[in-house]
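Asks: Sharing a structure below in structure tokens format, with a few things to ask.
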Amino acid sequence: MGLLNVLRLNKFEKEVLPDFYCDTFSNHLATHKDEITVPHKHDFFLTVLFTKGKGQHEIDFEQYPIEPGTVFMLNPGQSHHWDLSKDTDGYIFFHSKEFFDAAFTDNTIYEFPFFYSLLNPSKLSLKDSDTRYVSDLFQRIHSANREEDYLKKSKIISLLNLLYIELSRLYLNSAMGEYSKPRTYSQHLREFELLIEEHYKKEKAVASYAEMMHISPRHLNRMTKEEIGKSPSDLIANRVILEAKRILSYSNSSLSLVAEELGYDDYAYFSRLFSKKVGISPLKFQQTYQNK
């Protein structure tokens, strides 16, 4: 079974500083166009600000328009690709979890709302006044990365933290709809998401996840319903369907093998589940997406 291309951070590192990459978007696109304009995943956190141009950004099969003032914040593992006008520019950087977290004793990259939960939107549209300030922070990070000062890494991490704080403030005040916040229940929701990510191919039972979390299935159900209006079984199934879409979009493997890869020995059951969630059959999705 083929695999969606995963871009590794060490492929992009050009500087002495490990686990971090930063460039203008026009330079990044010119150097890596063949890799980033086709569907792919990363093993790092990615943030990009567009200051010029327009286009479409597809993230996990959702389409988002690109225009000046658009910011995207992606978690490791999310599939995406760009369709951009020739005049597109801005700033892009990415880094490992360890690069950011190692500088703090209490904070982690997951404290920021756009990274906190995969259920939260990955896009933020800035107002003109906010774009100027945010763009300046991106530019300062880019400039710091080109310097060779003794405290280069500390300066970059400080600027990253300031930028993430500012983006979080704007994100939480935006009209992006409901999102998961780091409250007590949401901390459990984050734990549940991580467990799903680790076990979804082999484990589909809500009771098993509740046991891993040392809570009752009823409590887990109440938690997810109150937080995001979805049942635990919905979240498990949605993660399976997302991975199915990723595989079907680039692989010509038989549908029964795809179902088996995702933990379903009964293809008919998998096909019914997929059709219910997506609205079309796995075969139709594969044919439609691969013929784009």
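We did not get these values from a lab; they are worked out from the coordinates using the rules stated. Only a predicted model underlies this, so the values are computations on that prediction, with no experimental measurement involved. Glycine also receives a Cβ, built like all others from the backbone with ideal geometry; neighbour counts cover every protein chain displayed.
Asks: For a Förster distance of 30 Å, can you work out the FRET efficiency between the beta-carbons of Thr31 and Ser85, rounded to the nearest 0.05?
Replies: Computed FRET efficiency for Thr31 and Ser85: 0.95.
Asks: For the chain, what is the mean residue ellipticity at 222 nm derived from helices alone (per DSSP H run of n ≥ 4: -39500 (n - 2.57); sum divided by total residues; nearest 500 deg cm²/dmol)?
Replies: Helices in the chain give a 222 nm mean residue ellipticity of -15500 deg cm²/dmol.
Asks: Assign unit charges at the C-beta atoms only (+1 for Lys and Arg, -1 for Asp and Glu), then state the dipole size of the stretch 6-173 relative to its Cα centre in Debye, rounded to the nearest 20.
Replies: 180
Asks: Another question, then. Evaluate the relative contact order of the chain (contact order divided by residue number), counting alpha-carbon pairs under 8 angstrom at least 6 apart; express in whole percent.
Replies: Across the chain, relative contact order equals 16 percent.
Asks: Is the shape of the stretch 6-173 rounded, prolate or oblate, going by the alpha carbon gyration tensor and its root eigenvalues a ≥ b ≥ c, with a/c under 1.5 for rounded and a/b larger than b/c for prolate? Intermediate values should be presented prior to the final figure.
Replies: Numbers: a/c = 1.29, a/b = 1.19, b/c = 1.08.
It is rounded, given that a/c, with a ≥ b ≥ c, falls under 1.5.
Asks: So, one more: Which residue, Lys155, Lys41, Lys245, has the most motion in a Gaussian network model of the chain that connects Cα atoms within less than 10 Å?
Replies: The residue that fluctuates most here is Lys155.
Asks: Could you tell me the relative contact order of the stretch 184-290? Use alpha-carbon pairs under 8 Å, at least six residues apart, and round to a whole percent.
Replies: 24
Asks: For the chain, set up a GNM with springs between Cα atoms under 10 Å and report which of Gly69, Gly229, Gly263 has the largest fluctuation.
Replies: Of the options given, Gly229 has the highest mean-square fluctuation.
Asks: Of the cross-linked pairs Lys202/Lys245; Lys97/Lys127; Lys127/Lys152; Lys86/Lys155; Lys54/Lys277; Lys97/Lys201, which ones have a Cα-Cα span greater than 27 Å in the structure shown?
Replies: Lys97/Lys127; Lys127/Lys152; Lys86/Lys155; Lys54/Lys277
Asks: Any idea what the relative contact order of the stretch 11-112 is, in percent, if you count C-alpha pairs under 8 Å spaced at least 6 apart?
Replies: Answer for the stretch 11-112 is 34 percent.
Asks: Under the Kirkwood approximation applied to all pairs of distinct alpha-carbon atoms, what is the hydrodynamic radius of the chain in Å? Don't skip to the end; give the middle numbers.
Replies: Values: mean 1/r = 0.0488 Å⁻¹.
Kirkwood hydrodynamic radius for the chain: 20.5 Å.
Asks: Let's see if you can work this out: charge +1 on each Lys and Arg Cβ, -1 on each Asp and Glu Cβ, no other charges. What is the dipole magnitude of the chain about its Cα centre, in debye to the nearest 20?
Replies: Once rounded to the nearest 20, the dipole reads 660 debye.
Asks: Turning to a different aspect of this structure: Please say if the stretch 184-290 is rounded, prolate or oblate, where rounded means a/c under 1.5 for a ≥ b ≥ c the square roots of the C-alpha gyration tensor eigenvalues, and otherwise the choice is prolate for a/b larger than b/c and oblate otherwise?
Replies: Prolate.
Asks: Related question: Considering only DSSP beta bridges where both residues belong to the chain, give the percentage that are antiparallel (nearest 5).
Replies: For the chain, the DSSP antiparallel bridge percentage is about 95.
Asks: Follow-up. If you take every DSSP beta bridge whose two residues both sit in the stretch 6-173, what share of them, in percent to the nearest 5, is antiparallel?
Replies: Values: 31 of 33 bridges.
For the stretch 6-173, the DSSP antiparallel bridge percentage is about 95.
Asks: Continuing with the same structure: With springs only between Cα atoms under 10 Å, which of Asp136, Asp34, Asp60 fluctuates most in a Gaussian network model of the chain?
Replies: Asp34
Asks: Hey, another quick one. Can you give the extra length, in nm with one decimal, that the chain gains between Ser231 and Met213 once fully stretched, where that is 0.36 nm per residue apart less the Cα-Cα distance?
Replies: That pair, Ser231 and Met213, stretches by 4.9 nm at full extension.
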